[in-house]
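The values are calculated or read from the model by the stated rules, or taken from the named source; none is laboratory data. Keep in mind the model is a prediction, meaning the values are calculated, not measured. Because the Cβ atoms are built from the backbone with ideal geometry, glycine has one as well, and the counts that use them run over all protein chains shown. Heads up: the accessible areas ignore ligands, DNA and RNA and are worked out on the full protein's heavy atoms, side chains in. Shrake-Rupley method; radii C 1.70, N 1.55, O 1.52, S 1.80 Å.
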Amino acid sequence: MNEKELAQRLLRLVYDFQLQNDAPGRKKRQMNQRDMMILRGILHLSSQQGQARMSQIRQYFHVSPAAVSQGIRSFEKQGWVERILSDDDRRSVSIRITERGRHQLQKREEELSAKMAAFLRYLGEEDSLHLIRIVEKSTQYAQLLHQQETTDRWKG
């Protein structure tokens, strides 16, 4: 099998895997993995003061101010975060994760952890270790690509 065929086969398998995990009739979760990643990032940024500035969030995720504002607005509607206006500078807005947000994040992480543990039991120890090695190598490759893109941007 050539590289193109291998790539197409892998893409199809990943697509099929995603379809099975998002199968119609399955209960939709309020908090998806993207939401979890963003909330985890905000928690990381706010570990010192208990809140993170909008500009920190934008820089951390490398997104536009509009994208941060839109995402935070969505999280506010869910009750996961709250905005805190600075008394000194009304333009300065910080974000704090609410107890509801923390609870939902913890609950969702526990659910995913249980699903992952069941999946790894299904694979068995040997295949699980192979999968971990491959994912680690994939992450290293993604980091290498990112470094090359950054270097190319500075050269260009």
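Using the structure shown, decide if Q18 is of a type outside the set (V, I, T), under 30 Å from T150 (Cβ atoms) and open to solvent by 60 Å² or more (accessible area, probe 1.4 Å). Walk me through how you get there before you give the answer.
Values: of a type outside the set (V, I, T): yes; under 30 Å from T150 (Cβ atoms): yes; open to solvent by 60 Å² or more (accessible area, probe 1.4 Å): yes.
Criteria met by Q18.
Just one of (1) farther than 22 Å from Q33 by Cβ; (2) at pLDDT below 95; (3) not hydroxyl-bearing (S, T, Y) trips up G71, so point out which.
The one condition G71 does not meet is (1).
Which one is nearest to the chain's Cα centre (by Cα) among residues in segment 111-126 that are within 17 Å of N21 (Cα to Cα) and among the charged types (D, E, K, R)?
E111
Run I132 past the list (1) of a type outside the set (S, T, N, Q); (2) at pLDDT below 95; (3) under 20 Å from the mean Cα position of the chain (by Cα) and report the number of the one that doesn't hold.
It is condition (2) that I132 fails.
Yes or no: segment 62-84 includes at least one residue that is under 22 Å from Q48 (Cβ atoms) and either touching a residue at least 60 places away in the same chain (Cβ under 8 Å) or of a type in the set (D, E) (or both).
The answer is yes; a qualifying residue exists.
Sort out which residues of segment 120-140 are hydroxyl-bearing (S, T, Y) and more than 19 Å from H62 (Cβ to Cβ), and write them in order of number. Write out each step before concluding.
First, the residues of segment 120-140 that are hydroxyl-bearing (S, T, Y): 122, 128, 138-139.
Within segment 120-140, Y122, S128, S138 qualify.
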